[in-house]
1. If only one of ASP107, ASP113 is among the acidic types (Asp, Glu) and part of a loop (DSSP other than H, G, I, E, B), which one is it?
2. Having 1 or more residues that are over 30 Å from ASP107 (Cα atoms), modelled with pLDDT under 65 and among the small types (Gly, Ala, Ser) is the bar; report the helices (runs of 4 or more DSSP H) wholly within the stretch 1-92 that clear it.
3. Please work out if PHE58 is of a type outside the set (Gly, Ala, Ser) and either touching a residue at least 40 places away in the same chain (Cβ under 8 Å) or at positive phi (or both).
4. Does ALA99 satisfy the criteria of being among the small types (Gly, Ala, Ser) and loosely packed, with under 13 Cβ neighbours inside 10 Å?
Amino acid sequence: MHRLVLLLSLIVVAVAGDGDRGTTTGLAATAGGGGGGAPGDPGMPWQQFLIPVMIIAFMWFILIRPQRKEEKKRKDALASLKRGDKVLIGFGGLIAEVASVGEQSIDVRAGQDGKDVVLTFSKGNLQIVPVTADEKGK
């Protein structure tokens, strides 16, 4: 949250204008332009593109990049599954053993006391978390 506030305050400082005199402050003043312009002077031409670029960069680092990282981790976890692995199926909290792994689907075996049931899940919709040794005993 504090990163968001810092980023927004930097944007405001970078493109803020002085309403009383019609001059610009921030990056435009330090770049040597807009020091004593007329009230209707638009300032430097790159300023009108600065906010959309900053918004796109903000959206990339806050929304798109983390989502891609999670998707990559999920695909790597699905690719590393092999027969006999214990997994936690995301919907419902089912802990099961991988029976077989196909190109588009995964078969898992759930049950106890010889009453196993084999369930088939599509890889595209599956959320799997490998179960560690600590979680197996719980």
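The values are calculated or read from the model by the stated rules, or taken from the named source; none is laboratory data. Model, not experiment: these values are computed from the prediction. Counting neighbours? That spans all protein chains shown, and the Cβs are built from the backbone with ideal geometry, glycine included.
1. Working: ASP107 fails: part of a loop (DSSP other than H, G, I, E, B).
Answer to the check: ASP113.
2. Numbers: elements: 2-15, 27-30, 47-59, 65-79.
By residue number, 27-30.
3. Yes: the conditions hold for PHE58.
4. It is false that ALA99 is among the small types (Gly, Ala, Ser) and loosely packed, with under 13 Cβ neighbours inside 10 Å.
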